[in-house]
Structure formats: C-alpha cells, structure tokens
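Engineer: Take a look at this one; I'll ask things after.
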Amino acid sequence: MSDKIPAYVINLPADVDRRELMIEQFAKLDRFQLRIMNGCVGSSLPDTVAYALTRDKNWKSNKGALGCFLSHVAAWEAISNEQQPVCVVLEDDAIVTALGKLDQLILPDDAEIIFVNDRMSPKQDETSIHALPMSAALQELNRSRKGAGSDGYLLTPAGARKLLSDCEEKLFFGHVDGRLLRYASTAEDLDALHSESWIRAVVELHHHHTLLPKLGLLRAYVTSVPLVWHRGGSSSRVREDSAPAWGETRPS
C-alpha cells in the first residue's frame, strides 16, 4: 500500500476533547489520512424511527446503541466507495499510537475485516505482527469475558459493501459490536467452542428474533498483537441509553 491509509474516526460533534486527542495522535502517524466522521446522536432519533430501524418497540430505550450502530454504517458507506484496498475504522476513545506498526502486517489475500483492538487480540507474539484466524479472537473473548469492541478494525471496500447489503435486509437491531462479531464468525468457529461457551452464546443470540444476520458474512482475522487500545472512561452511548443493550451488563 503506497498511498496513505484512510482512517475513519467516529466522533460526536459535542465530544470536542476526544476529537482533539485523536487529531493529536494522528499528527504523529504520517502513514494515515485522518477522516473525522460525525457520529449519529441516537437520542435525537424519534421513537418511530428507532422502531423502523430495529423492528423492536423496546429499542427506543437503546437509542445510544442505535446511534453508535448508524455511525459505523456511515463509515462503511464511505469506505464502500474508497479506492484504497483497506481502511481503518476507529471510535474516538481509542489509543492509536501503535497503528504505525501496520506496515509490518501482511494482509491475507481474502481478508475483508481484521480486528486490531486490545480486547480481541490474543497477544501471542510481542515481537512481530501477523494475522490470526477469527477463532483466536473468540477464544480470547471467551477467556476474558470482555465485550468485543468496535473501537478498532480494518475494513476493505468489498467488506463494507457486504455489511451494508446485509444491514439493508436485517436492519440495525442490537449493538454494532455484536453484529460485527456475528458477521466475522463462522458456524465452524462456533462449533470449535464449548457448547456452554459465553462468547458462543453472544454470537448465536445477538440478533432480532425474526431477522438473522448472516454468520460468516466476512472473511475475518485478528492481529496477533493489538494496534489499538481502549482508553476507557464514560461512554456517550451508555449515557444516552436508559436500558442496557443486548448482552451488556452495567454496575448497579
């Protein structure tokens, strides 16, 4: 990849401090072209729109999650028209200083999405970076019992078009993390996990009761070491939601 890699950063207009931190980080990463994506403020959506997008009358309590989902969809739309072979999608609460190591990664020829965040990377090799099958990410998530996280992944234009096509049919119910995890996991990946595996249940059940997003839609991988870390802190999505999204737990 000789040209700069597009890096789409999802940021709510009101989150100025987060935006400035991302701009500061990317000022030291000449390999990338930073593109700030204005995130969707879920709480601004009318209840009828939330229902139309999810086909679930209760989802009006999860407009933050829906807004986050739609923000990623906006990034996918932009990437679907890109000429570069791969783009980066990030949320604005990510620490991205290690993205400079991306040139060390040999992309598998069939890769459509590669997760690069710390929650999914098994951290098997601290001296080199290579792509591992999605099963390695599932095993890591099952061990840690952490959310998959959509704070950092690589996506090809072809992969973006597949995501958009399936979402047109299966709508936007659920959290984008769970949807991406389902799209990236094959039936064979799930069969390799224990029948009572926590992460297997998340992947199998994370969908609307009448709309089934396609398992294994994307050829997926995870980097052996993370290139992006979750900074933590309060979540705009959680602040907007009056009820937990599916599969999410919150402190009492």
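The values are calculated or read from the model by the stated rules, or taken from the named source; none is laboratory data. The model shown is predicted, which means the values in this text are computed figures rather than measured ones. All Cβ positions, even for glycine, are placed from backbone atoms using ideal geometry, and neighbour counts span all protein chains on display.
Conditions tested, residue by residue: (1) farther than 21 Å from R231 by Cα; (2) free of Cβ contacts under 8 Å to residues at least 12 places away in the same chain.
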site	(1), (2)
I129	yes, no
M134	yes, no
G147	no, no
A158	yes, no
G174	yes, no
L190	yes, no
H209	yes, yes
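Engineer: Same structure again: May I ask you to list the residues in the stretch 40-54 that are over 22 Å from the mean Cα position of the chain (by Cα) and assigned to a loop (DSSP other than H, G, I, E, B)?
Structural biologist: The answer is P46, and nothing else.
A quick yes/no check of all residues on (1) in contact with an Asp or Glu (Cβ under 6 Å, 6 or more places away or on another chain); (2) among the aliphatic types (A, V, I, L, M); (3) closer than 30 Å to D47 by Cα:
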{"residue": "I114", "(1), (2), (3)": "no, yes, no"}
{"residue": "S128", "(1), (2), (3)": "no, no, no"}
{"residue": "T156", "(1), (2), (3)": "yes, no, no"}
{"residue": "G159", "(1), (2), (3)": "yes, no, no"}
{"residue": "L171", "(1), (2), (3)": "no, yes, yes"}
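Engineer: If you check N81 against the conditions, is it modelled with pLDDT under 95 and farther than 18 Å from G232 by Cβ?
Structural biologist: No: the conditions fail for N81.
Engineer: Looking only at the stretch 196-224, how many residues end up being more than 20 Å from S144 (Cβ to Cβ) and either out of contact with any Asp or Glu (no Cβ under 7 Å at 6 or more places or on another chain) or buried (at least 17 other Cβ atoms within 10 Å of the Cβ) (or both)?
Structural biologist: 12
Engineer: Can you tell me which residue among V203, V225 is in contact (Cβ under 8 Å) with a residue 24 or more places away in the chain, assigned to a loop (DSSP other than H, G, I, E, B), more than 14 Å from D166 (Cβ to Cβ) and not polar (S, T, N, Q)?
Structural biologist: V225
Engineer: Would you mind telling me which numbered condition in (1) part of a helix (DSSP H, G or I); (2) surrounded by fewer than 21 Cβ atoms within 10 Å (Cβ to Cβ); (3) out of contact with any Leu (no Cβ under 7 Å at 6 or more places or on another chain); (4) not charged (D, E, K, R) A160 fails?
Structural biologist: (2)
Engineer: Let me ask something else. In the stretch 123-134, which residue that is part of a loop (DSSP other than H, G, I, E, B) and surrounded by fewer than 19 Cβ atoms within 10 Å (Cβ to Cβ) is modelled with the highest pLDDT?
Structural biologist: My answer is H130.
Engineer: Report yes if L99 is touching a Phe, Trp or Tyr at 6+ places or on another chain (Cβ under 9 Å) and assigned to a strand (DSSP E or B), otherwise no.
Structural biologist: No.
Engineer: Now, a different point. Do the conditions hold for K170, that is, is it in contact with a Pro (Cβ under 7 Å, 6 or more places away or on another chain) and farther than 24 Å from D92 by Cβ?
Structural biologist: Against the criterion (in contact with a Pro (Cβ under 7 Å, 6 or more places away or on another chain) and farther than 24 Å from D92 by Cβ), K170 qualifies.
Engineer: Further question on the same structure: Quick check on my filter: what residues within the stretch 140-151 are part of a helix (DSSP H, G or I) and out of contact with any Pro (no Cβ under 7 Å at 6 or more places or on another chain)?
Structural biologist: L141, N142, R143, S144
Engineer: Taking the stretch 227-252 as the region of interest, how many residues are at pLDDT 95 or above and within 17 Å of L181 (Cβ to Cβ)?
Structural biologist: Of the residues in the stretch 227-252, 1 are at pLDDT 95 or above and within 17 Å of L181 (Cβ to Cβ).
Engineer: So, one more: Have a look at M22, M37 and point out the one that is of a type outside the set (S, T, N, Q), at negative phi and not in a helix (DSSP H, G or I).
Structural biologist: Answer to the check: M37.
Engineer: Separate question: Find the residue count for the stretch 45-82, including only residues that are free of Cβ contacts under 8 Å to residues at least 12 places away in the same chain and either buried (at least 21 other Cβ atoms within 10 Å of the Cβ) or over 16 Å from G174 (Cβ atoms) (or both).
Structural biologist: Here the count works out to 3.
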